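The block underneath contains the structure these notes are about, expressed in structure tokens.
The values are calculated or read from the model by the stated rules, or taken from the named source; none is laboratory data. Remember, predicted model here, so these are calculated numbers, not experimental data. Cβ placement follows ideal geometry from the backbone for every residue including glycine, while neighbour counts extend to all protein chains displayed. Ligands, DNA and RNA are stripped out before the accessible areas are found, and what is left, the full protein with its side chains, is counted by its heavy atoms. Shrake-Rupley method; radii C 1.70, N 1.55, O 1.52, S 1.80 Å.
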Amino acid sequence: MPEPADARSPSCGDLAGLLAEPARLAAFAALVLGAGTVDEVAEAARLTRADATRALHRLVDGGLVAREGGRHAPVAEVFRTAVRAEARLGGASGDGAGAYFRRGRLTAVPGEAGVRSKVLAVVADSFAPGEVYPEAKVNALCGEWFDDWVTLRRALVDEGLLTRSHGGEAYRRA
């Protein structure tokens with residue numbers, strides 16, 4: 001199965017938003033039922049070719065559909081990933097940690113300790129246990145999550161999720 005256009009999976013809210021528009025929902029349903037080209041989707045979903053093209057473009061941009069060559073395919077794993085992430089961030093208490101992510105990126109580093117801990121644990125999962133990372137790689141990984149990668153890197157170290165070498169040139173997941 002082709003990979004989604006976006007390396008980060010959409011959230012449950014993002015998925016609901018993508019499928020809330022009737023043409024996109026119809027186009028996605030057509031893909032699930034086996035359509036793959038724009039013309040097949042348009043016919044199966046009873047959409048104009050232009051509407052099918054717009055719907056597919058938006059679904060690809062949203063990470064729910066992948067395009068390979070002239071064919072489109074639903075990215076089935078995206079639902080499972082979104083639900084797992086939401087369950088992990090919200091937990092049984094529904095404490096709002098998920099509110100700090102949008103389209104798989106961090107919107108802010110929370111100040112409240114419990115929420116901050118959950119949010120940073122998700123980011124820390126980007127680092128393989130036992131692997132040593134040069135500072136440039138840590139900066140790049142943190143930058144994929146958050147525009148202010150310096151603050152995020154510092155928060156991961158302060159939280160004890162990453163350890164920093166004495167000279168600061170290497171990091172390791174704690």
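Over the chain, what is the mean sequence separation of C-alpha contacts under 8 Å (at least six apart), divided by residue count, expressed as relative contact order in percent? Before the final figure, lay out the partial values.
Values: 246 pairs, mean separation 34.0, N = 174.
Normalised by residue count, the contact order of the chain is 20 percent.
Kirkwood hydrodynamic radius of the range 23-167 from all distinct Cα pairs, in Å?
Details: mean 1/r = 0.0568 Å⁻¹.
It works out to 17.6 Å.
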Hey, can you find the accessible area per residue of the chain for me, probe 1.4 Å, expressed in square angstrom?
54 Å²
Per-residue [θ]222 nm for the chain (sum of -39500 (n - 2.57) over DSSP H runs n ≥ 4, rounded to 500)
-15000 deg cm²/dmol
Using a 1.4 Å probe, how large is the accessible area of Glu77, given in Å² and rounded to the nearest 10?
70 Å²
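Per 0.36 nm of contour for each residue apart, how much would the distance between Thr163 and Arg46 grow if the chain were fully extended, relative to their Cα-Cα spacing? Working shown, then result.
Details: separation 117, 0.36 × 117 = 42.12 nm, distance 5.57 nm.
Net length gain for the segment: 36.6 nm.
Measure off, as a whole percent, the carbon and sulfur share of the 1.4 Å-probe accessible area of the range 26-79, all protein chains present. If you can, show how the numbers build up before the last one.
On the way: 1510 of 2780 Å².
Taking all protein chains in place, the range 26-79 shows 54 percent carbon and sulfur surface.
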Expected field for Phe79, accessible surface area in Å² at 1.4 Å probe radius, rounded to 10, holds 80 Å²
Under DSSP H, which helices of the chain have Cα atoms covering 27 Å or more of the helix axis and a Kyte-Doolittle average no less than 1.0?
none
Between His166, Leu31, Ala42, whose Cα lies farthest towards the positive end of the dipole of the chain when Lys and Arg beta carbons carry +1 and Asp and Glu beta carbons carry -1, centred on the Cα centre?
His166
